[in-house]
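Student: Input: one structure, supplied below.
Where a number appears in this text, it was derived from the coordinates with a stated rule and is not lab data. Everything quoted here is computed from the prediction, not taken from an experiment. Neighbour counts are summed over all protein chains in view; Cβ atoms, including those assigned to glycine, are modelled from backbone coordinates with ideal geometry.
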Amino acid sequence: MSDREPRNVTSVGGLVVRDNAVLLVRMNYGPNRGRYMLPGGLIDPGETLDVAIAREVLEEAGVEARPVGIIGLRSRYDGPNNDTYVLWLLEYVAGEPRPEGRENDDARFFTLAEIEARDDIADLVRYLARRVLRGEIHPHRLVDDYHSRLPGTTPDSWKLFM
């Protein structure tokens, strides 16, 4: 029996698309060590999801990208622990991929043909890349015609995606 309190974790992962290719990073730790994954990570306090994914992509892969919208949500639990993973589509802005070095040791763009031919790419990444690059997913985008009127909220602190 664990003495640790149950955890409820929210993280983000991003499909950055450039020239019909997807940015991936090769993980240095965890169950996907040695496999290519989406850049991403945990939400920091005081951050919205879209800000978090842009930060994580820059930190993990050295690429500046603009969040387009939410393309998926993976929810899972392991005993008392919950894990919510919000998947994003991002538009490439600038920078050449470079590994962060601690969490990953490679960062680069892969075409769908390259992704399909490799066995070191996580299954969820393969599935998402296939659907996104074929135009089969339509992201939930930031709504610009509604703003919360709750006290203390600002357009930076309260966002709606539909």
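Student: Could you tell me which of 67, 30, 112 has its Cα farthest along the dipole of the chain towards the positive end, charges placed at Cβ (Lys, Arg +1; Asp, Glu -1), taken about the Cα centre?
Tutor: Positive-most Cα among the choices belongs to 112.
Student: Still on this structure, please answer the following. Hey, what's the Kirkwood Rh for region 49-97 if you take every pair of different alpha carbons, in angstrom? Don't jump to the answer; show the numbers that get you there.
Tutor: On the way: mean 1/r = 0.0843 Å⁻¹.
Here the Kirkwood hydrodynamic radius works out to 11.9 Å.
Student: Just subtract the alpha-carbon distance of residue 8 and residue 91 from 0.36 nm times their residue separation and send over the number in nm, one decimal. Can you show the working numbers first?
Tutor: Values: separation 83, 0.36 × 83 = 29.88 nm, distance 2.90 nm.
Stretched out fully, the residue 8 to residue 91 stretch lengthens by 27.0 nm.
Student: Shifting gears a bit: Once you charge only the Cβ atoms, +1 for Lys and Arg and -1 for Asp and Glu, what is the size of the charge dipole of region 24-87 about its Cα centre, to the nearest 20 debye?
Tutor: On the way: 7 positive and 9 negative charges, 71 e Å.
In total the dipole reaches around 340 debye.
Student: Another question about this same structure. Given Cβ point charges of +1 (Lys, Arg) and -1 (Asp, Glu) and nothing else, what value in debye, to the nearest 20, does the dipole of the chain about its Cα centre take? Mind showing how you got there, number by number?
Tutor: Numbers: 21 positive and 27 negative charges, 75 e Å.
The dipole of the chain has a size of about 360 debye.
Student: How far, in nm, would the chain grow between residue 55 and residue 157 when pulled straight, counting 0.36 nm per residue and subtracting the alpha carbon separation? Walk me through the numbers before you get to the answer.
Tutor: Working: separation 102, 0.36 × 102 = 36.72 nm, distance 1.60 nm.
Computed gain between residue 55 and residue 157 is 35.1 nm.
Student: Hey, another quick one. Extent of the chain along each principal axis, from alpha carbon coordinates, in Å, largest to smallest?
Tutor: Sorted largest first, the three principal extents are 51, 47, 28 Å.
Student: Related question: Would you be so kind as to identify which of 97, 45, 133 lies farthest towards the positive end of the dipole of the chain, taking Lys and Arg as +1 and Asp and Glu as -1 on Cβ and the Cα centre as origin?
Tutor: 133
Student: Could you grab the relative contact order for region 8-133? Cα pairs under 8 Å, six or more apart, rounded to a whole percent.
Tutor: On the way: 271 pairs, mean separation 42.2, N = 126.
Over region 8-133, the number comes to 33 percent.
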